[in-house]
Amino acid sequence: MKKWVPIASGLLAGFIAATISFADFSSKTDTQTASAGNKSDAEKVYVPFGKKDDYYLFASGGHSGQMFIYGVPSMRKIRTIPVFSQDSATGYGFDEHSKKLMGGYTWGDLHHPAFSEKNGDYDGKWMFATDVGNSRAAVVDLKTFTTKDIIKVPNTAGPHCAAFVTENTEYMFLPTRFAVPLGQKYESLDDYSSKYRGVMSAVTFDEKKVKLNIAYQVALPPWSYDLSDAGKKGSKDWAVMTTYNTEEATTTMEVNASQADRDYIVLFNWKELEKMVKEGKYEDVGGQKMIFPEKQKGGIYLVPVAKSPHGVDVTPDGNYFIASGKLAPAMTVFSFEKAFKAVENKEFAGERNGIPILKYESVMEREVNPENALGPLHTQFDDKGMAYTTMFISSEIVKWDPNTGKTLDRVPVQYSPGHSVAAEGDTVAPDGKWIIALNKIAKDTYLSVGPSHPESMQLIDLSGEKMKVVQSAPVDPEPHYAQMIKADKIKTIEVYQKDSKNKDAVYNQKDTKIVRKGNEVHVYGIAMRSRFIFDAKSKRPDVIEVNEGDHVFIHLTNIDFDEDITHGFAINDYDLNMEVQPGQTNTLEFTADKAGTFPLYCTNFCSALHQEMNGYFLVKPK
Ligand code: CUK
Ligand code: CUA
């Protein structure tokens, strides 16, 4: 393995800054301005009124904790889906169901969305996501674009993951970005190497119950695990993930975690891990089935790779996995077939923490080093299997052939792309039409909004001879990864169906009621154009009166079974707010700890008489 031109770690930040300011304000800006003013490019992305976009783009919202939905090619933002953070626009995190889902946390850091798959193709049913901020995983229902389940992942800190769903959604794997002691107990950092672990979790999804579960975990060495991808076709039982900090540094990471010349890709066979769990080859750690690779041998291997890799991506044909260097200016193509042979022939170059290390030369197919390309992070693919790698430092996307390593094309982007996403990019058959660069430091792209500028997503047309940036859209912080799916694969519902089993739901005015049990008050109300009815028999059906200190449940059903007639419900000065979509029932639970008179009203514009859709919440003092 060749020695990489070292980018002195301490100088890295300065180097990045210098490269950006030097390279990007010169020739690149001209190219971009030129292409932005081109009329035929404008026509490519213009979607006339009445017509709809061809693709949905699901962009991770990073530390906003949300997911942002755009239409492609217009790049119009059409929705925010709240996942890990509260959202007052939809009442997410306020109503009982979503409050429970959020598990007491108020924010999240959503990095990697991944669609559910069938035979290696997006099936358009579910979207999964991980939270690096508070160690959770979530599933979003694509019939309603709402979050349906969230689980807390124990023994792990910052499940990062990638588009990491196996070919038939058997598992979503969550490698951890930070190593912590099991159970996240206190342990001195002097004992890091012996007491800390980088736990990977195998999460399953029960589609019928709409529930996420942790099937098992693996107590890997105390390194940082970063990006990962599942195998495809011939490699479908396998998966790969990158590591850094195999130095086991515990401080000044930006220097100390970049000392060694190489880190590893963890290559594992999840079918084999599954078998080990079935055979009871695990230990119980706080209720989780934990595999300890130093005791339960097999199924996991290390592949040496140039230091501090970031992304690792599997080609659509499932033949190769490609690691991107981050600190080394190269992509390394590894062959699954070679890896399987090396495993079979036990071509090991020692082991670490009981895990066999495969010989680099036995698995490596080729090293690819496009001229002057710096900071490769992530790779996507087109319909011909060609690779597109984002270069964070040289601010471009490089197209190259994984079979030959030849550079085919490159296009500058503005400025620092993290991921990119190709149409149907993680499937066994990408579409090849579009790729979108998800740029982190967009600088002067849009009207100034102060010192911190909007991030940008640039749409690149792949249909011509050369890649061409044809559109750009601002995006809130911050898209790490995204998924792009054909629009006709997603089948949304228009209204929620009546649910006769839901004890909180009321569909007739005459069934509305306010029930008191001790100091518990249950309101069974309805919302309709253009009034609330909490108790049809009352003198004032749109008024709720309770005593100070009462525990109040407001169950509200929207009986407008009509597309897009959504009502909101807010109580002035009580910091409460929820949404009921057509046909939906939702509940607010709270203690009326403030005596007084509080108007209640519909927050969501629903008819010409929306402004009249209000009432009072009266709290009688003790
Ligand atoms: S990470 Cu952000 S650029 Cu979380 Cu996928 Cu690579
Ligand atoms: Cu209901 Cu506005």
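Of everything in the stretch 478-520, what is assigned to a helix (DSSP H, G or I), touching a strand residue (DSSP E or B) at 6+ places or on another chain (Cβ under 8 Å) and within 25 Å of LEU600 (Cα to Cα)? Give them in sequence order. Please lay out each step first, then the result.
So the first thing to find is which residues in the stretch 478-520 are assigned to a helix (DSSP H, G or I), and the list is 487-489, 509-511.
Cutting the leftovers down to touching a strand residue (DSSP E or B) at 6+ places or on another chain (Cβ under 8 Å) gives us 487, 489, 509, 511.
Of everything in the stretch 478-520, those that are assigned to a helix (DSSP H, G or I), touching a strand residue (DSSP E or B) at 6+ places or on another chain (Cβ under 8 Å) and within 25 Å of LEU600 (Cα to Cα) turn out to be GLN509, ASP511.
Residue by residue through the stretch 188-239, note down the ones that are under 24 Å from ASP131 (Cα atoms), more than 21 Å from the chain's Cα centre (by Cα) and loosely packed, with under 15 Cβ neighbours inside 10 Å.
LYS208, LYS209
Any residue that is closer than 28 Å to LEU101 by Cβ, in a strand (DSSP E or B) and of a type in the set (Lys, Arg) - is there at least one of those in the stretch 178-194?
Taking the stretch 178-194 first, the residues closer than 28 Å to LEU101 by Cβ are 178-185.
Add one more test, that the residue is in a strand (DSSP E or B), and what stays is 178, 180-181.
Checking which are of a type in the set (Lys, Arg) leaves us with none.
Checked against the condition, which is being closer than 28 Å to LEU101 by Cβ, in a strand (DSSP E or B) and of a type in the set (Lys, Arg), the stretch 178-194 yields no hits at all.
What are the residues in the stretch 324-352 that are among the β-branched types (Val, Ile, Thr) and part of a strand (DSSP E or B), if any? Working first, answer last.
Start the filter on the stretch 324-352 by keeping residues that are among the β-branched types (Val, Ile, Thr), which leaves 332-333, 343.
Hits for the stretch 324-352 are THR332, VAL333.
Of the conditions (1) hydroxyl-bearing (Ser, Thr, Tyr); (2) within 16 Å of ligand 1 (Cβ to nearest atom); (3) part of a loop (DSSP other than H, G, I, E, B), THR130 fails just one. Which one is it?
Every listed condition holds for THR130 apart from (3).
Taking the stretch 313-323 only, how many residues are in a loop (DSSP other than H, G, I, E, B) and not β-branched (Val, Ile, Thr)? Quick ask: steps written out before the conclusion?
Of all residues in the stretch 313-323, those in a loop (DSSP other than H, G, I, E, B) come to 315-319.
Right, trim to not β-branched (Val, Ile, Thr) and you get 316-319.
Residues that pass the stated criteria total 4.
Only one residue in LYS3, LYS52, LYS77, LYS44 is at pLDDT 50 or above, assigned to a loop (DSSP other than H, G, I, E, B) and at negative phi. Which one? Even if it seems obvious, please write down each step before you answer.
On the way: LYS3 fails: at pLDDT 50 or above; LYS77 fails: assigned to a loop (DSSP other than H, G, I, E, B); LYS44 fails: assigned to a loop (DSSP other than H, G, I, E, B).
Checking each option against the conditions leaves just LYS52.
Within the stretch 613-622, take every residue that is outside any strand (DSSP E or B) and over 27 Å from GLN497 (Cβ atoms) and give me the one that is nearest to ligand 2 (Cβ to nearest atom). Even if it seems obvious, please write down each step before you answer.
Applying the first criterion (outside any strand (DSSP E or B)) to the stretch 613-622 yields 613, 621-622.
Those left that are additionally over 27 Å from GLN497 (Cβ atoms): 621-622.
Details: PRO621: 30, LYS622: 33 Å.
Among those that are outside any strand (DSSP E or B) and over 27 Å from GLN497 (Cβ atoms), it is PRO621.
Hey, which of the strands (runs of 3 or more DSSP E) in the stretch 257-312, taking only ones fully inside, have at least 2 residues that are of a type in the set (D, E, K, R) and at pLDDT 95 or above? Write out each step before concluding.
On the way: elements: 262-269, 283-285, 288-291, 300-306.
Ranges flagged: 283-285.
Out of the strands (runs of 3 or more DSSP E) lying entirely within the stretch 521-612, which hold 3 or more residues that are of a type in the set (S, T, N, Q)? Spell out the reasoning first.
Numbers: elements: 531-533, 543-547, 551-558, 567-571, 576-580, 585-591, 596-601.
So the answer is 585-591.
Can you list residue pairs whose Cβ atoms sit under 9 Å apart, with the first residue in the stretch 215-234 being at positive phi and the second being away from ligand 2 (no atom under 16 Å from the Cβ)? Count only pairs 6 or more apart in sequence or on different chains.
Taking only residues 6 or more apart or on different chains, the pairs are LYS233/GLY120; LYS233/GLU167; LYS233/PRO316; LYS233/ASP317; LYS233/GLY318; LYS233/ASN319; LYS233/VAL428.
Can you find even one residue in the stretch 428-446 that is out of contact with any His (no Cβ under 9 Å at 6 or more places or on another chain) and in a helix (DSSP H, G or I)?
no
Could you list, ordered by first residue, the pairs with Cβ atoms under 7 Å in which the first is in the stretch 581-608 and over 15 Å from ASN558 (Cβ atoms) and the second is more than 16 Å from ligand 1 (Cβ to nearest atom) and of a type in the set (Lys, Arg), at least 6 apart or interchain?
Partner pairs satisfying both residue conditions: ALA595/LYS620.
Would the stretch 513-521 turn up any residue that is away from ligand 1 (no atom under 16 Å from the Cβ), surrounded by 16 or more Cβ atoms within 10 Å (Cβ to Cβ) and either more than 32 Å from the chain's Cα centre (by Cα) or without any contact (Cβ under 8 Å) to a residue 12 or more places away in the chain (or both)? Outline the logic, then answer.
Step one: of the stretch 513-521, the residues away from ligand 1 (no atom under 16 Å from the Cβ) are 513-521.
Keeping just the survivors that are surrounded by 16 or more Cβ atoms within 10 Å (Cβ to Cβ) gives 514, 521.
Subset that is either more than 32 Å from the chain's Cα centre (by Cα) or without any contact (Cβ under 8 Å) to a residue 12 or more places away in the chain (or both): 514, 521.
Within the stretch 513-521, one or more residues are away from ligand 1 (no atom under 16 Å from the Cβ), surrounded by 16 or more Cβ atoms within 10 Å (Cβ to Cβ) and either more than 32 Å from the chain's Cα centre (by Cα) or without any contact (Cβ under 8 Å) to a residue 12 or more places away in the chain (or both).
Residues checked against (1) among the β-branched types (Val, Ile, Thr); (2) over 17 Å from LYS326 (Cβ atoms):
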site	(1), (2)
PRO356	no, yes
LYS384	no, yes
MET391	no, no
VAL398	yes, no
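The values are calculated or read from the model by the stated rules, or taken from the named source; none is laboratory data. These numbers come from a predicted model, not from an experiment. Here the Cβ is made from the backbone with ideal geometry for all residues, glycine too, and neighbour counts use every protein chain on show.
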